[in-house]
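Student: Here it is, the structure in full.
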Amino acid sequence: MFKQIRRERLIGLFCLLLLWGSIVPGQAQKDNRFEVSKNLDIFNALVKEVEMFYVDSVDVEKIMRRGINAMLGSLDPYTEYYPEQEMDKLKMMITGEYGGIGSYIRGRQEGGVYIVEPFEGMPAALAGLKAGDRILAIDTVDVTNKTSDEVSNLLKGVPNTKMVLKIQRPNEKKPREVELIRKQILVDQVTYYGVRGDGVGYIYLKGFTDKSAQEVKNAFEDLKKNHQIKSLILDLRNNGGGLLESATQIVSMFVPKGKEVVSTKGKISQWDRTYRTANEPLDTVMPMAVLINGNSASAAEIVSGSLQDMDRAVLVGSRSFGKGLVQSTRELPYNGSVKITMSKYYIPSGRCIQQMDYTHRKADGSIDAIPDSLTSVFYTSKGRPVRDGGGVRPEFEIEEEEMPTMMYYLVTDFILVDFVTDWAQKHKTIPSVDEFTVSDEDFEAFKNYAKEKDFTCDRQSEKLLKNLKEVAKFEGYTERDSTIFNELEARLTPDLDRDFDLYKDQVKKLLASEIVKRYYYQKGELLESLKGDEVLEKALEVLGDPELYNKTLSTPEKTDSLSVDDKTNLSLGDRNGK
């Protein structure tokens, strides 16, 4: 076993070194066809030699995949290889569709794969499957020792085919057998839409597939016709993006026909494109607010950034992710594909909002974000200054509340899921989302449950303190006075009672979200998250104040002199030819 691991690591290293040799910075600037051909010949010969003569047997597919992933990973996080057996993942990203039972599943570290979130109206929910159910077998296949990916592949299949799941429900002695019929699962991208405040329409869009634009259109038309909304909030928070064409179609609904939304520029100039609004808009005057945060990326940034550049909407929230790169899929032999970064995109003001500079890596391979001091100033259609690099910045910035590390581990360690599973078995119904609250008794019960299960989390502060103490001891500082380290160590010692009470509000919100999701699915979870939402409240405030809204999107008043920062910004723009 040890030899096999050593052998695979060795071959994987060879793959990485040879593939890295074909992408040395600067070679892309010249015709390197000979270098590509030479390195491929070397690589081909090397794999053959290793497969034939290495002392142990070689899993060629495994080491090749490792080498491919290492090569593509050295470019950027978005260029990915999809072999034939993973093409359904790529299709799911593009269409939001797949054949299956309609549920998220997850494996535990100690073994077993569990239902964690059935989708409303889909086969899993209709058959009565619930979060916390462990999958024991699929038809005649025992899956107790399989990974979540292996179980997922068995669950997926041709729509309208039957399957039998054997599951073990918590607190039940005997397993259950459940018959399901696979269905073409279409994941709705508009999770929820409705009216908030005084005649303000609200649409939450979680992704950009080839059906997202139609879903947004249907939601908006219903809000406008049947609810007589006076303004609109488009919520793109935690929207990781998707299809560029879908983003263009959504922008087209709110600005005049023929407007430039985004342009792409890459290595092959013949493939550069400019995307314009192609259809007659639904509404060009209704006041709009777009909500974004640090997880709003790609197509979400195209929509928010272009509406900002055209002075069509105010942005509320926090600075977006900063992904200004565009990927396209290319077919590969044996029915695989590669999703490859082929261009950068530029929104109407001419700016590219890409934050990370993948072309200039440090010696250790790490990358840096483009600092604000090196960004340039661009201007919206009405002359408002906006910047490139570092994502899209809202007109009304509200700092996001950081999630304590403990929250992450409560979810990933199944502590939260298990507690709510027990809770839900004791509570057949709950009030509506608007009326539901987590009581102090439930909070205390959850805290005690976590203590009983010996819940711990990976505390980076403890690790850093330990390293600091070792360095301080080596350099002789602890010999004179170690009091400060003892005090810090005492403060950083795990104390669940203290930590739960310190983050009580966050824990109760997390608990409420998981409970509501059991009864009202994804829509309920979203509605729960909107309670006390400062970003949403700010958007409602701005839309409810026509004077503030119009002033925000108006041409800035001219002044006789510029501040030092303004002069610097203008010079940066001129230097970059903008």
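Student: With respect to ARG276, determine if the residue is farther than 20 Å from LEU232 by Cα and either aromatic (Phe, Trp, Tyr) or modelled with pLDDT of 95 or more (or both).
Tutor: Criteria met by ARG276.
Student: Any chance segment 91-107 includes a residue that's farther than 30 Å from GLN425 by Cβ, polar (S, T, N, Q) and open to solvent by 50 Å² or more (accessible area, probe 1.4 Å)?
Tutor: no
Student: All but one of (1) touching a residue at least 40 places away in the same chain (Cβ under 8 Å); (2) closer than 26 Å to PHE396 by Cα; (3) open to solvent by less than 40 Å² (accessible area, probe 1.4 Å) hold for LYS224; which doesn't?
Tutor: (3)
Student: Related question: For segment 220-233, does any single residue satisfy the condition of being out of contact with any helix residue (DSSP H, G or I) (no Cβ under 6 Å at 6 or more places or on another chain) and either modelled with pLDDT under 95 or under 27 Å from THR555 (Cα atoms) (or both)?
Tutor: Yes, because at least one residue in segment 220-233 is out of contact with any helix residue (DSSP H, G or I) (no Cβ under 6 Å at 6 or more places or on another chain) and either modelled with pLDDT under 95 or under 27 Å from THR555 (Cα atoms) (or both).
Student: May I pose another question? Mind telling me which of the residues ASN279, ASN239 ends up being open to solvent by less than 10 Å² (accessible area, probe 1.4 Å), out of contact with any Pro (no Cβ under 9 Å at 6 or more places or on another chain) and in a loop (DSSP other than H, G, I, E, B)? Give the derivation first.
Tutor: On the way: ASN279 fails: open to solvent by less than 10 Å² (accessible area, probe 1.4 Å).
That would be ASN239, the only listed residue that is open to solvent by less than 10 Å² (accessible area, probe 1.4 Å), out of contact with any Pro (no Cβ under 9 Å at 6 or more places or on another chain) and in a loop (DSSP other than H, G, I, E, B).
Student: Can you list residue pairs whose Cβ atoms sit under 7 Å apart, with the first residue in segment 162-173 being surrounded by 17 or more Cβ atoms within 10 Å (Cβ to Cβ) and the second being among the charged types (D, E, K, R) and in a strand (DSSP E or B)? Count only pairs 6 or more apart in sequence or on different chains.
Tutor: LYS166/GLU177; ILE167/ARG134; ILE167/ARG176; GLN168/ARG134; ARG169/ARG176
Student: Something else: Please tell me if GLU84 is within 36 Å of the chain's Cα centre (by Cα), at pLDDT 50 or above and open to solvent by 100 Å² or more (accessible area, probe 1.4 Å). Even if it seems obvious, please write down each step before you answer.
Tutor: Values: within 36 Å of the chain's Cα centre (by Cα): yes; at pLDDT 50 or above: yes; open to solvent by 100 Å² or more (accessible area, probe 1.4 Å): yes.
Yes: the conditions hold for GLU84.
Student: Every residue in segment 174-190 that is open to solvent by 50 Å² or more (accessible area, probe 1.4 Å), among the hydrophobic types (A, V, I, L, M, F, W, C) and free of Cβ contacts under 8 Å to residues at least 60 places away in the same chain, please.
Tutor: Passing the criteria: only ILE181.
Student: Here's a follow-up. Among the residues in segment 319-338, are any over 27 Å from MET93 (Cα atoms) and either in contact with an Asp or Glu (Cβ under 7 Å, 6 or more places away or on another chain) or surrounded by fewer than 20 Cβ atoms within 10 Å (Cβ to Cβ) (or both)?
Tutor: no
Student: Can you list residue pairs whose Cβ atoms sit under 8 Å apart, with the first residue in segment 132-156 being farther than 23 Å from ALA424 by Cβ and the second being outside any loop (DSSP other than H, G, I, E, B) and aromatic (Phe, Trp, Tyr)? Count only pairs 6 or more apart in sequence or on different chains.
Tutor: LYS156/TYR98
Student: Suppose we keep only residues that are in contact (Cβ under 8 Å) with a residue 60 or more places away in the chain and out of contact with any strand residue (DSSP E or B) (no Cβ under 8 Å at 6 or more places or on another chain) within segment 362-386. Which one would you say is nearest to LYS323 (Cα to Cα)? Talk me through it step by step, then tell me what you get.
Tutor: Residues of segment 362-386 in contact (Cβ under 8 Å) with a residue 60 or more places away in the chain: 365, 374-378, 380-386.
Of the ones still in play, those that are also out of contact with any strand residue (DSSP E or B) (no Cβ under 8 Å at 6 or more places or on another chain) are 365, 374, 381-384.
Numbers: GLY365: 19, LEU374: 17, SER381: 23, LYS382: 25, GLY383: 24, ARG384: 22 Å.
This residue is LEU374.
Student: Pull up segment 248-271, narrow it to residues that are in a loop (DSSP other than H, G, I, E, B) and either β-branched (Val, Ile, Thr) or modelled with pLDDT of 95 or more (or both), then point me to the one that is nearest to LEU543 (Cα to Cα).
Tutor: PHE254
Student: Go through segment 487-578 and tell me which helices (runs of 4 or more DSSP H), entirely inside it, have 2 or more residues that are at pLDDT 75 or above.
Tutor: 496-502, 504-529, 534-543, 546-552
Student: While we're looking at this one, here's another question. For segment 400-436, name all the residues that are assigned to a loop (DSSP other than H, G, I, E, B), open to solvent by less than 40 Å² (accessible area, probe 1.4 Å), more than 29 Å from VAL316 (Cα to Cα) and in contact with a helix residue (DSSP H, G or I) (Cβ under 8 Å, 6 or more places away or on another chain).
Tutor: The answer is ILE430, and nothing else.
The values are calculated or read from the model by the stated rules, or taken from the named source; none is laboratory data. Quick caveat: nothing in here was measured; it's all calculated off a predicted structure. Cβ sites come from the backbone with ideal geometry, for glycine too, and all protein chains shown count toward neighbours. Only protein heavy atoms, including side chains, enter the accessible area calculation; ligands, DNA and RNA are left aside. Shrake-Rupley method; radii C 1.70, N 1.55, O 1.52, S 1.80 Å.
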